[in-house]
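Comments concern the structure below.
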Amino acid sequence: MSLNFHGLGRKFGQRSNSRLFIPGAAISWKLSGQESFSETRSPLSDISISGLAFLTNNPPDVLSEISILVSLPQRTDVKMDAIELLGEVKYCMTRGPRLTYKYRVGVELRAFELADGCNSPQVLEQVKALEKTFGKRRSK
């Protein structure tokens, strides 16, 4: 018997959007209502249209509303330096001992639409541009 995830015909736990791994990408974050992003930059673990994960030693609380500033590595084929995204922290996992970063944080991104509390459609186009550049880098 195969379980469906949200009734969309996918097996349980399977993502609908592929994860992008962008070497050298980092994030800064701030809680909703704060004026400035943290000065500490954390490595971006992966990103997709529906969410992202990053590594940190000082994680936000689960269910926190946060803004994330994704800084991209200097590349000639990517025409943007950073992307600002809105989301909600869905999990914070402790990683193994002796690793540089103690936690992996998962964030579900807000919808991409013209409404308060959402990511703008222009940001969606930026994420899609990243898919074109980084989406086919991994081989089987």
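Descriptive notes on the structure:
- Complete set of residues in segment 95-111 that are over 19 Å from Val123 (Cβ atoms) and out of contact with any Phe, Trp or Tyr (no Cβ under 6 Å at 6 or more places or on another chain): Arg95, Gly96, Pro97, Arg98, Leu99, Thr100, Tyr101, Lys102, Tyr103, Arg104
- Residue among Ser16, Ser2 that is hydroxyl-bearing (Ser, Thr, Tyr), modelled with pLDDT under 90, under 19 Å from Lys90 (Cα atoms) and assigned to a loop (DSSP other than H, G, I, E, B): Ser16
- Selection count, segment 35-76, where residues are closer than 14 Å to Ile22 by Cβ, polar (S, T, N, Q) and modelled with pLDDT of 95 or more: 2
- The sole residue among Val123, Val89 that is under 13 Å from the mean Cα position of the chain (by Cα) and either more than 24 Å from Leu31 (Cβ to Cβ) or in a strand (DSSP E or B) (or both) is Val89.
- When residues of segment 97-137 are limited to those that are surrounded by 12 or more Cβ atoms within 10 Å (Cβ to Cβ) and β-branched (Val, Ile, Thr), the one farthest from Ala82 (Cα to Cα): Val105
The values are calculated or read from the model by the stated rules, or taken from the named source; none is laboratory data. Computed from a predicted structure; not experimentally measured. Note: ideal-geometry Cβ built from the backbone for every residue, glycine included; neighbour counts use all protein chains shown.
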